[in-house]
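Below is one structure, written out as structure tokens, with a few remarks after it.
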Amino acid sequence: MDNKLPEILKARRKELNLTLKEIGKKIGVTEATVQRWESGATENLRYNRLIKLAKVLEVKPSFLMGFEDAPQNAKEKELLEIYQKAKESDKAEVKTLLKIVDKLLGIDEP
């Protein structure tokens, strides 16, 4: 399997307007370490660092690893949590409301 982390990391970092240094500081590693991840010089990323990196980049770890095609951003996560917290008897209505929001805002439904 190809290591997609470098390209995903760089693209997502740029989307969020983060520097290598800012990411490193939030994770607790040096800027050089993040640069090595982004350049592909590091083959394996420790599990705990992968989890922290995913949190900083606002995506799921499985997206960073290339197992999923799209990141789950904070808004998608919030909408999914609203749906999951709804009572079973209310889920159909919540889903209808989310479809309306999707049409209005152009967001994918959870």
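The values are calculated or read from the model by the stated rules, or taken from the named source; none is laboratory data. Keep in mind that what you see is a predicted model, and the values were worked out from it rather than measured. Cβ placement follows ideal geometry from the backbone for every residue including glycine, while neighbour counts extend to all protein chains displayed.
Note on region 1-31: residues that are in contact (Cβ under 8 Å) with a residue 40 or more places away in the chain and closer than 18 Å to ARG46 by Cα total 7.
On the given criteria, is PRO71 crowded, with 16+ Cβ neighbours inside 10 Å, at pLDDT below 80 and closer than 16 Å to LYS4 by Cα? So PRO71 fits the description; yes. Among the residues of region 46-62, is there at least one that is farther than 30 Å from LEU97 by Cβ, among the hydrophobic types (A, V, I, L, M, F, W, C) and either in a loop (DSSP other than H, G, I, E, B) or in contact with a Ser or Thr (Cβ under 7 Å, 6 or more places away or on another chain) (or both)? Among the residues of region 46-62, not one is farther than 30 Å from LEU97 by Cβ, among the hydrophobic types (A, V, I, L, M, F, W, C) and either in a loop (DSSP other than H, G, I, E, B) or in contact with a Ser or Thr (Cβ under 7 Å, 6 or more places away or on another chain) (or both), which makes the answer no. Within region 10-23, is even one residue at pLDDT below 90 and on the phi > 0 side of the Ramachandran plot? No, that holds for no residue. Considering the conditions (1) assigned to a helix (DSSP H, G or I); (2) more than 19 Å from SER62 (Cα to Cα), ILE23 is excluded by exactly one of them, (2). Taking the condition surrounded by 16 or more Cβ atoms within 10 Å (Cβ to Cβ), touching an Asp or Glu at 6+ places or on another chain (Cβ under 8 Å) and assigned by TED's automatic domain parsing to the domain that holds GLU93, does LEU79 pass? So LEU79 fits the description; yes.
Residues checked against (1) among the hydroxyl-bearing types (Ser, Thr, Tyr); (2) crowded, with 17+ Cβ neighbours inside 10 Å; (3) under 10 Å from the mean Cα position of the chain (by Cα):
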{"site": "ALA41", "(1), (2), (3)": "no, no, no"}
{"site": "LEU45", "(1), (2), (3)": "no, yes, no"}
{"site": "LYS52", "(1), (2), (3)": "no, yes, no"}
{"site": "SER62", "(1), (2), (3)": "yes, no, yes"}
{"site": "PHE67", "(1), (2), (3)": "no, no, no"}
{"site": "TYR83", "(1), (2), (3)": "yes, no, no"}
